[in-house]
1. (1) among the hydrophobic types (A, V, I, L, M, F, W, C); (2) touching a Lys or Arg at 6+ places or on another chain (Cβ under 9 Å); (3) within 28 Å of Asp124 (Cα to Cα): which one isn't true of Ala14, the others all being true?
2. Every residue in the range 34-52 that is over 12 Å from Phe105 (Cα atoms) and of a type in the set (Gly, Ala, Ser), please.
3. Could you tell me which numbered condition Leu94 fails, if it satisfies all but one of (1) without any contact (Cβ under 8 Å) to a residue 40 or more places away in the chain; (2) within 14 Å of Tyr28 (Cα to Cα)?
4. Can you confirm whether Arg139 is at pLDDT 85 or above and in a helix (DSSP H, G or I)?
5. Could you tell me whether Arg36 is charged (D, E, K, R) and more than 28 Å from Pro128 (Cα to Cα)?
6. How do the pairs read when you match residues in the range 1-24 that are closer than 13 Å to Met99 by Cα and without any contact (Cβ under 8 Å) to a residue 24 or more places away in the chain with residues anywhere that are open to solvent by less than 20 Å² (accessible area, probe 1.4 Å) and part of a strand (DSSP E or B), using Cβ under 8 Å and keeping only pairs 6 or more apart or on different chains?
Amino acid sequence: MTDRTETGRCFCGAIAAELNGEPFWICYDLDDDCRRATGAGLVVWVGYRPHQFRLTRGSPKPFSKTEGVVRTFCADSGTSIGYADAGLRDELYLAIGFMDAPERFQPQAHAYWRMRLPWLEIADEFPPLDAYSRPRDPRFGFPEDR
């Protein structure tokens, strides 16, 4: 067990959280669902187990447009906080922009590489995956099917 503790907060500070332990997965996400939900050309998601996450201030607003996926954000500042996906059981993903020290989270892969914006070039050696980067229950569908 690790003693690693990370913290995160929204832009206005109304929502804050503490994360205990190592994240199990960190990945660039290039699909259009996440792009539209976050308002960014790409997002890096930091994967933790739900038991590693503890809110220390505020209560994020939930929103769901995609079956099985619940995204959270700050209702005051609009900051994207994270999402839980019923197709990825026992996994919670936090937007790297929510983290207080984003430089400590090195991505490990690129999810939905074929859906990246055509002008986006990322010079690294991480594998470009054409789908989810984690095994996901197919009953909940995939971004290209939406």
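The values are calculated or read from the model by the stated rules, or taken from the named source; none is laboratory data. Since the structure is predicted, the reported quantities are computational estimates derived from the model, not experimental observations. Note that we place each Cβ from the backbone using ideal geometry, even for glycine, and neighbour counts take in every protein chain shown. SASA here: full protein model, heavy atoms, side chains in, ligands and nucleic acids out. Shrake-Rupley method; radii C 1.70, N 1.55, O 1.52, S 1.80 Å.
1. (3)
2. Across the range 34-52, the qualifying residues are Ala37, Gly39, Ala40, Gly41.
3. Going through the list (1) without any contact (Cβ under 8 Å) to a residue 40 or more places away in the chain; (2) within 14 Å of Tyr28 (Cα to Cα), Leu94 breaks only (1).
4. no
5. Values: charged (D, E, K, R): yes; more than 28 Å from Pro128 (Cα to Cα): no.
No: the conditions fail for Arg36.
6. Partner pairs satisfying both residue conditions: Thr5/Leu19.
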